[in-house]
Amino acid sequence: MNDWQSWAAVVVFAGTYALIISEKLHRTAAALGGAGLMLVIGATDDKAAFHSERSGVDWNVIFLLLGMMVIVGVLKKTGMFEYLAIWSVKRARARPFRVMTWLVVITAVASALLDNVTTVLLIAPVTLLVCERLGLPVAPYLIAEVLASNIGGMATLVGDPPNIIIASRAGLTFNDFLVHLAPLSALLILVLIALCRWLFRKSFVYDEERAAEVMSLEEREAIHDPRLLVQGLVVLVLVVAGFVLHPVLHYEPSVVALLGAGLLIAVSSVRTGDVLADVEWPTLAFFAGLFVMIGGLIETGVIGEVARKLADAIGDNEIGGSMLLLGSSAVLSGIVDNIPYVATMAPVTSDVVEAMGGSGDHVMWWALAIGADLGGNATAIGASANVVVLGIAERNRTPISFWQFTKYGLVVTAVTVAISAVYIWLRYFAAA
């Protein structure tokens, strides 16, 4: 980091981040402006920004989001989300904390089976309707679900994009993640539920009149286009199967989502323009800008330099190194999106593990995965699911500010990372 472009890239990124935090400029405008400045100063170029797997726009993320947004847009027209909203409220007896607990558990389980971005795209519309029916504030419920999605996604190989990157680099299997991370994920979900009871305690106001009104509804009456619902659910099941069978089929989730979206529009009677109008275009543009900015930090060697210093600090100290990697990954994943962070750290971690004489399921890989997945909860832009939910909330005129999310995310991240440090020590070092 001795050349002026490296320092200029840091200044551009820090300045853009400050604008996003201050909310004086819309986060999409800030991200696109920052991306443009990265190109102007030569920190990256068009080839690196738009065609590089290492430091460019992650088109797999962009098109996964686009495909799933189209599918969700079609499902909205069937009344399915109204059905699920009424059903979930009835199961929870319309009690606000029980409703949140239901939504947190469903989100966590679904995030482990699908991925956290797809899950929040499906769960958020239900949450908005539940809160509207019961007269509850939307922000606490959406924030709790995002936190649950990142914790639940940690449990499996397909649950969070950083896990896929780590599995590919380390040669880890789906069962490896289940054995090493699923127990921790389940424990942390219970911790999250307890934290939600405290963090959002002022939001659990029971409105007896509204509750009685919802309890009297018949959820089946919410379905107003059964034929489209069947078509949508068949396509959704096929898409989910494609996600789960990724290790066998080798189709990227983005390809599966786009094929599903195209098939659903082709076989249904919905108008393409109406569905595309429901796509969160500002969110997609924000991701593109963010990826270009982080790509500038990668191309100029800034992130690589941080990774090398971290590797030097770890050395051959397994227990100290795993704790350092866990903590630093949590911090850095909260600042930059955890996908490019893990993409940069994976080869560095591979070198560290090799130097220690470790195997594919070495503790350092789990420290990286846990830190990156949980660190994504720290800020409003720490993980893809966070940004998606903020975009949905804004579109539905219930905006969640950067600090509104982050003040809760930081608490949950600190507690869950601390518990994870104990878990790592007990599981991998205490017996030795």
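The values are calculated or read from the model by the stated rules, or taken from the named source; none is laboratory data. Everything numeric here is computed off the predicted structure, so don't read it as measured data. Reconstructed Cβ throughout: ideal geometry from the backbone, glycine too, with neighbour counts over all protein chains shown. Keep in mind that these areas ignore ligands, DNA and RNA; they rest on the heavy atoms of the full protein, side chains included. Shrake-Rupley method; radii C 1.70, N 1.55, O 1.52, S 1.80 Å.
When Val422 is tested against (1) within 28 Å of Tyr17 (Cα to Cα); (2) free of Cβ contacts under 8 Å to residues at least 24 places away in the same chain, just one condition goes unmet, and that condition is (1). Evaluating Val57 against the criteria (1) assigned to a helix (DSSP H, G or I); (2) surrounded by fewer than 22 Cβ atoms within 10 Å (Cβ to Cβ); (3) within 18 Å of the chain's Cα centre (by Cα) leaves one unmet condition, (1). When the residues of segment 10-29 are filtered to those that are part of a helix (DSSP H, G or I) and free of Cβ contacts under 8 Å to residues at least 24 places away in the same chain, the one that is nearest to Glu280 (Cα to Cα) is Ala29.
Within segment 1-24, being surrounded by 15 or more Cβ atoms within 10 Å (Cβ to Cβ) and hydroxyl-bearing (Ser, Thr, Tyr) holds for Ser6, Thr16, Tyr17. Every condition in (1) open to solvent by less than 50 Å² (accessible area, probe 1.4 Å); (2) farther than 30 Å from Gly15 by Cβ; (3) at pLDDT 90 or above is met by Gly315 except one, and the failing one is (3).
Segment 359-432 holds helices (runs of 4 or more DSSP H) entirely within its bounds, and those carrying 3 or more residues that are touching a helix residue (DSSP H, G or I) at 6+ places or on another chain (Cβ under 8 Å), open to solvent by 10 Å² or more (accessible area, probe 1.4 Å) and over 20 Å from Ala124 (Cα atoms) map to 402-425.
Okay, residues lined up against (1) surrounded by fewer than 24 Cβ atoms within 10 Å (Cβ to Cβ); (2) touching a Gly at 6+ places or on another chain (Cβ under 6 Å); (3) within 20 Å of Ala194 (Cα to Cα):
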{"residue": "Ala94", "(1), (2), (3)": "yes, no, yes"}
{"residue": "Met100", "(1), (2), (3)": "no, no, yes"}
{"residue": "Ala124", "(1), (2), (3)": "no, no, no"}
{"residue": "Val130", "(1), (2), (3)": "no, no, no"}
{"residue": "Leu134", "(1), (2), (3)": "yes, no, no"}
{"residue": "Pro140", "(1), (2), (3)": "yes, no, yes"}
{"residue": "Val146", "(1), (2), (3)": "no, no, yes"}
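Among the numbered conditions (1) open to solvent by 10 Å² or more (accessible area, probe 1.4 Å); (2) farther than 15 Å from Phe291 by Cα, the only one that Ile335 does not meet is (2). Within segment 246-267, the set of residues being modelled with pLDDT under 90, surrounded by fewer than 24 Cβ atoms within 10 Å (Cβ to Cβ) and of a type outside the set (A, V, I, L, M) comprises His246, Pro247, His250, Tyr251, Glu252, Ser254. For segment 163-183, a residue qualifies if it is in contact with a Ser or Thr (Cβ under 9 Å, 6 or more places away or on another chain) and buried (at least 19 other Cβ atoms within 10 Å of the Cβ), and the qualifying residues are Asn163, Ile166, Ala167, Arg169, Ala170, Phe177, Leu181. Tell me, yes or no, whether segment 280-294 has at least one residue that is modelled with pLDDT under 90, of a type in the set (Ser, Thr, Tyr) and part of a helix (DSSP H, G or I). There is at least one residue in segment 280-294 that is modelled with pLDDT under 90, of a type in the set (Ser, Thr, Tyr) and part of a helix (DSSP H, G or I). Is it the case that some residue within segment 303-310 is of a type outside the set (D, E, K, R), farther than 29 Å from Leu39 by Cβ and either out of contact with any Gly (no Cβ under 9 Å at 6 or more places or on another chain) or surrounded by fewer than 17 Cβ atoms within 10 Å (Cβ to Cβ) (or both)? The answer is no; no qualifying residue exists.
Selection of segment 18-38 for residues being among the basic types (Lys, Arg) and out of contact with any Leu (no Cβ under 9 Å at 6 or more places or on another chain) yields only Lys24.
Would you check if there is a residue in segment 25-48 being surrounded by fewer than 16 Cβ atoms within 10 Å (Cβ to Cβ) and of a type in the set (Ser, Thr, Tyr)? Looking through segment 25-48, none of the residues is surrounded by fewer than 16 Cβ atoms within 10 Å (Cβ to Cβ) and of a type in the set (Ser, Thr, Tyr).
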